[in-house]
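A short write-up of the structure that comes next.
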Amino acid sequence: MIAHAGLIARRIAGRWRGALIEGPSGAGKSDLALRALDLGFRLVADDRVILWTCEGRLFGRAPPPLAQLLEVRGVDVAREPALALCEVALVVEPGTPERLPEPDTADRLGFRLPRLVLSYEDASAPAKLGRALTALYAANQRRM
């Protein structure tokens, strides 16, 4: 399946954990990814993500013509070092987040993944995204 989305990843406890950034054209997906790169995230895919399942997990990568490219709206399409693929750990959707939201999920290819609603234009959005991935990892560790 090809999703109109971006995919960025952060290394937590030795593994890359991906955040699938969704939204319509112009929602700020690439801008959020660009700002997150400055906080230690890595690009996997911008604009289009090929999603597939393997051994009970959901993965994503860039289509070959878009690999290692990131749109910097108003400037250019930039070449950016990127991961070849990563597991998707979180779905991010644009919107106005609740102050203290209840945990939510989104279904992608039959997988229930944690869902985070973010205002993409907020200066704190990349930091919130990083904290959400770290919190998900910590919660999974407590369950084990």
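Structure notes:
- The stretch 105-126 residues that are touching a residue at least 60 places away in the same chain (Cβ under 8 Å), paired with ones that are among the aromatic types (Phe, Trp, Tyr) and outside any strand (DSSP E or B) (beta carbon under 8 Å, 6 or more apart): 126/41
- Some residue of the stretch 55-69 being surrounded by 14 or more Cβ atoms within 10 Å (Cβ to Cβ) and farther than 18 Å from residue 2 by Cβ: no
- Flag set for residue 51, criterion: over 22 Å from residue 119 (Cα atoms), modelled with pLDDT of 95 or more and touching a Gly at 6+ places or on another chain (Cβ under 7 Å).
- Pairs, first hydroxyl-bearing (Ser, Thr, Tyr) in the stretch 34-63, second loosely packed, with under 14 Cβ neighbours inside 10 Å, C-beta under 8 Å, six or more apart: 53/109; 53/110
- Taken over the stretch 110-144, the criterion of being touching a helix residue (DSSP H, G or I) at 6+ places or on another chain (Cβ under 9 Å) and surrounded by fewer than 13 Cβ atoms within 10 Å (Cβ to Cβ) is satisfied by 121, 123.
- Residue 70 at pLDDT below 90 and not acidic (Asp, Glu): no
- Members of the stretch 9-38 that are of a type in the set (A, V, I, L, M) and out of contact with any Cys (no Cβ under 9 Å at 6 or more places or on another chain): 12, 13, 19, 20, 21, 27, 32, 33, 34, 36, 37
- Filtered residues of the stretch 127-140 (kept if out of contact with any strand residue (DSSP E or B) (no Cβ under 9 Å at 6 or more places or on another chain) and either on the phi > 0 side of the Ramachandran plot or touching a residue at least 40 places away in the same chain (Cβ under 8 Å) (or both)): 127
- Among residues of the stretch 6-21 being touching a helix residue (DSSP H, G or I) at 6+ places or on another chain (Cβ under 7 Å), part of a strand (DSSP E or B) and of a type outside the set (Lys, Arg), the one that is modelled with the lowest pLDDT is 12.
- Restricting attention to the stretch 27-54, the residues being buried (at least 20 other Cβ atoms within 10 Å of the Cβ) and in a strand (DSSP E or B) number 4.
- Residues of the stretch 6-23 that are over 15 Å from residue 126 (Cα atoms), touching a residue at least 60 places away in the same chain (Cβ under 8 Å) and either of a type in the set (Gly, Ala, Ser) or out of contact with any strand residue (DSSP E or B) (no Cβ under 8 Å at 6 or more places or on another chain) (or both): 12, 13, 23.
The values are calculated or read from the model by the stated rules, or taken from the named source; none is laboratory data. What you are looking at is a predicted structure, and each value in this text was computed from that prediction instead of being measured. Cβ atoms come from the backbone with ideal geometry, glycine included; neighbour counts cover every protein chain shown.
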